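> Supplied in structure tokens, the structure appears directly below.
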């Protein structure tokens, strides 16, 4: 099965419209089956609900049993969500004719979700560089801050994405975790998506995807440690899962530190004072993409770029008991 077709987006003050053409391999499918393929995050129940209210097929009335044809345009129109406020600016660490490197702020999501539409890195890039090609080459979580690589040409984007896929890119993160991890170590534990209520929680599993993380402590506190973590594989939530399974969850990690119940409560209702206390007093998980090394798309010369620890993490560490302990927090 090939990748789903590219969608076109349109947003007004009161609505959002998403249109996409049916690819050849989906010719003859039922509409509800195609929508499940195209928008996998939606449950089958939710798909049945939106077909009657938000979905249209050009020239025909939309029903769950409607047969779709290759090349037809399917349009989803829904009310624009009231989006949470997020940081919408970023520092540019380096510019090249083929790419630029930015320091993404914590809280800015990468792509469109059910909750975020205009407040995403994709949207901010489109607004900041109108008419230009801006292609995100890798992903970090919404709450993770730090170095991001953006291609400025399709050819450069293809090369850099392939470099990530073939492990020709070196990534280094700084993570503030709870507990007293060993000075250094390697965590070699396959992980996979677990069957849990959130549908996003990863966990250790012998039948999961290979996942390896090297780490070393760079600064210790009375009950915490700042850890430099270098993932040799790029699994979702890898560093967070690996450290948590060893008993050293990240400060502020709602999912792997506080637990699914409180993660879901924060998603549904926002972070209350009580929840913030459960999240160690930090409203986002303490993970920062500190360093990225990758080959230049033309010269193949290795390039390294770094982003300093942001103020929210340095301020939080300054208040921890034992903040005067030995070690360096330099990124």
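> Say whether the condition of being assigned to a helix (DSSP H, G or I), surrounded by 15 or more Cβ atoms within 10 Å (Cβ to Cβ) and touching a strand residue (DSSP E or B) at 6+ places or on another chain (Cβ under 9 Å) is met by at least one residue in segment 91-106.
Residues of segment 91-106 that are assigned to a helix (DSSP H, G or I), as a first pass: none.
Among the residues of segment 91-106, not one is assigned to a helix (DSSP H, G or I), surrounded by 15 or more Cβ atoms within 10 Å (Cβ to Cβ) and touching a strand residue (DSSP E or B) at 6+ places or on another chain (Cβ under 9 Å), which makes the answer no.
> Additional query: What number of residues within segment 264-282 are under 21 Å from the mean Cα position of the chain (by Cα) and closer than 23 Å to residue 320 by Cβ?
Going through segment 264-282 one residue at a time, the tally reaches 4.
> Can you tell me which residue among 179, 247, 203 is more than 23 Å from residue 136 (Cα to Cα), in contact with a helix residue (DSSP H, G or I) (Cβ under 7 Å, 6 or more places away or on another chain) and touching a residue at least 24 places away in the same chain (Cβ under 8 Å)?
Values: 179 fails: in contact with a helix residue (DSSP H, G or I) (Cβ under 7 Å, 6 or more places away or on another chain); 247 fails: in contact with a helix residue (DSSP H, G or I) (Cβ under 7 Å, 6 or more places away or on another chain).
The match here is 203.
> Would you point out the residue of segment 41-76, among those that are within 28 Å of the chain's Cα centre (by Cα) and in a loop (DSSP other than H, G, I, E, B), that is farthest from residue 17 (Cα to Cα)?
Selected residue: 43.
> Filter segment 231-244 down to the residues that are assigned to a helix (DSSP H, G or I) and touching a helix residue (DSSP H, G or I) at 6+ places or on another chain (Cβ under 9 Å) and list them by number. Even if it seems obvious, please write down each step before you answer.
Taking segment 231-244 as the starting set, the residues that turn out to be assigned to a helix (DSSP H, G or I) are 238-244.
Selection gives 240, 241, 243, 244.
> Oh, and also: Please determine, by comparing only the residues of segment 153-199 that are in a helix (DSSP H, G or I) and more than 20 Å from the chain's Cα centre (by Cα), which one is farthest from residue 303 (Cα to Cα).
Residues of segment 153-199 in a helix (DSSP H, G or I): 154-165.
With more than 20 Å from the chain's Cα centre (by Cα) added as a condition, the list becomes 154-156, 159.
On the way: 154: 20, 155: 18, 156: 14, 159: 14 Å.
For segment 153-199, the residue satisfying everything is 154.
> If we scan segment 267-287, do we find a residue that is touching a strand residue (DSSP E or B) at 6+ places or on another chain (Cβ under 7 Å), part of a loop (DSSP other than H, G, I, E, B) and over 30 Å from residue 98 (Cα atoms)?
Here is the first cut: in segment 267-287, the residues touching a strand residue (DSSP E or B) at 6+ places or on another chain (Cβ under 7 Å) are 285-287.
The next check asks that each one be part of a loop (DSSP other than H, G, I, E, B); those that pass are 285-286.
Okay, now just the ones that are also over 30 Å from residue 98 (Cα atoms), so 285-286.
Yes, there is a match, as at least one residue in segment 267-287 is touching a strand residue (DSSP E or B) at 6+ places or on another chain (Cβ under 7 Å), part of a loop (DSSP other than H, G, I, E, B) and over 30 Å from residue 98 (Cα atoms).
> Would you be able to tell me the number of residues in segment 294-313 that are exposed (fewer than 15 other Cβ atoms within 10 Å of the Cβ) and closer than 24 Å to residue 177 by Cα?
First pass over segment 294-313, keeping only residues exposed (fewer than 15 other Cβ atoms within 10 Å of the Cβ): 298-302, 304, 311.
From what's left, closer than 24 Å to residue 177 by Cα: 311.
Matching residues across segment 294-313 total 1.
> Could you pull out the residue among 200, 186 that is at pLDDT below 95, surrounded by fewer than 18 Cβ atoms within 10 Å (Cβ to Cβ) and in the same structural domain as residue 262 (by TED's automatic domain parsing)? Outline the logic, then answer.
Numbers: 186 fails: at pLDDT below 95.
On inspection, the qualifying residue turns out to be 200.
> Can I ask one more? Can you name the number of the only condition in (1) assigned to a strand (DSSP E or B); (2) within 12 Å of residue 178 (Cα to Cα); (3) within 21 Å of the chain's Cα centre (by Cα) that residue 228 fails?
Residue 228 satisfies all of (1) assigned to a strand (DSSP E or B); (2) within 12 Å of residue 178 (Cα to Cα); (3) within 21 Å of the chain's Cα centre (by Cα) except (2).
The values are calculated or read from the model by the stated rules, or taken from the named source; none is laboratory data. Only a predicted model underlies this, so the values are computations on that prediction, with no experimental measurement involved. When we count neighbours, we look across all protein chains shown, and the Cβ atoms used for this are built from the backbone with ideal geometry, even at glycine.
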